[in-house]
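**Student:** Please find one structure pasted underneath; my questions will follow.
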Amino acid sequence: MEIKLSRGQKLCKKCNSVNAARSRKCKYCLSDFVSKNIPIKNEITDWRNIEIGSYIKVIQGSGPYFVCSRESEDLKVGEKICMGDTGVFKIVGKDQNGLKVNGASNKNAGFSYLYMGLPKKSKNTGIYWEPYRIKKVKFKGRR
């Protein structure tokens with residue numbers, strides 16, 4: 001029997017149950033869904049070559065994250081909690097592991113550092129350091 005999915009739903013291949021489209025795990029059998037790293041238009045793959053003064057946008061859901069170790073009313077064990085910045089930034093500097101940026105709007109004003117190095121886990125905090133996914137944008141906001 002073929003199940004007809006509505007918009008915003010996906011089917012678990014292990015237990016054949018219907019889940020929300022953005023789910024990372026099946027809510028019934030807790031198996032992980034395969035994440036597709038979908039190519040993004042204008043995504044920058046070599047961040048070292050981007051010019052200072054350029055504007056970039058951070059792809060939501062990328063960058064450092066924490067994995068929940070205790071269940072609460074909002075979170076389940078193993079759920080990924082994004083800890084990074086989002087929005088549009090102006091590049092003001094670089095070093096060997098990342099980009100020094102200033103927020104380009106009122107929502108993310110101020111200085112920030114975007115980690116772009118190799119994936120690693122902090123022994124002190126338990127945060128997983130993953131490089132941000134970024135794309136180049138033209139920005140017409142405040143300068």
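Derivation of every value follows stated rules applied to the coordinates shown; laboratory data play no part. Given the structure is predicted, the values throughout are model-derived calculations rather than measurements. In this analysis, Cβ positions are derived from the backbone assuming ideal geometry, glycine residues included, and neighbour counts consider all displayed protein chains.
**Student:** Note down the net charge around Glu43, summing +1 for each Lys or Arg and -1 for each Asp or Glu among other residues with Cβ under 12 Å from its Cβ.
**Tutor:** +4
**Student:** Separate question: Which one is right for this structure if Cα Rg over 2.2 N^0.38 Å is calculated from it: (i) 1.17; (ii) 1.26; (iii) 1.02?
**Tutor:** Checking each listed value against the structure points to (ii).
**Student:** Sticking with this structure for a sec: Whole-Hz Karplus ³J(HN,Hα) for the range 61-78, in order, using 6.51 cos²θ - 1.76 cosθ + 1.60 and θ = phi - 60°, x for Gly and Pro?
**Tutor:** Those phi angles translate into x, 9, x, x, 8, 10, 9, 4, 9, 10, 7, 9, 5, 9, 10, 10, 4, x Hz.
**Student:** Along the charge dipole of the range 39-137, which of Gln60, Gly126, Gly78 sits closest to the positive end, that is, farthest toward it, with unit charges on the beta carbon of Lys, Arg, Asp and Glu (+1, +1, -1, -1)?
**Tutor:** Farthest along the dipole direction, towards plus: Gln60.
**Student:** Now a separate question. Going by average Cβ neighbours within 10 Å, how do the peptides 27-33, 40-46, 129-135 rank, with the highest at the top?
**Tutor:** Ranking the peptides 27-33, 40-46, 129-135 by packing returns 129-135, 27-33, 40-46.
**Student:** Suppose every Lys and Arg Cβ carries +1 and every Asp and Glu Cβ carries -1, with no other charges. What dipole size does the chain come out with about its Cα centre, to the nearest 20 debye?
**Tutor:** 420 debye
**Student:** If you don't mind, there's one more thing I want to ask. In the chain, what cysteines have no partner Cβ closer than 4.7 Å?
**Tutor:** Result for the chain is Cys68, Cys82, no neighbouring Cys Cβ within the cutoff.
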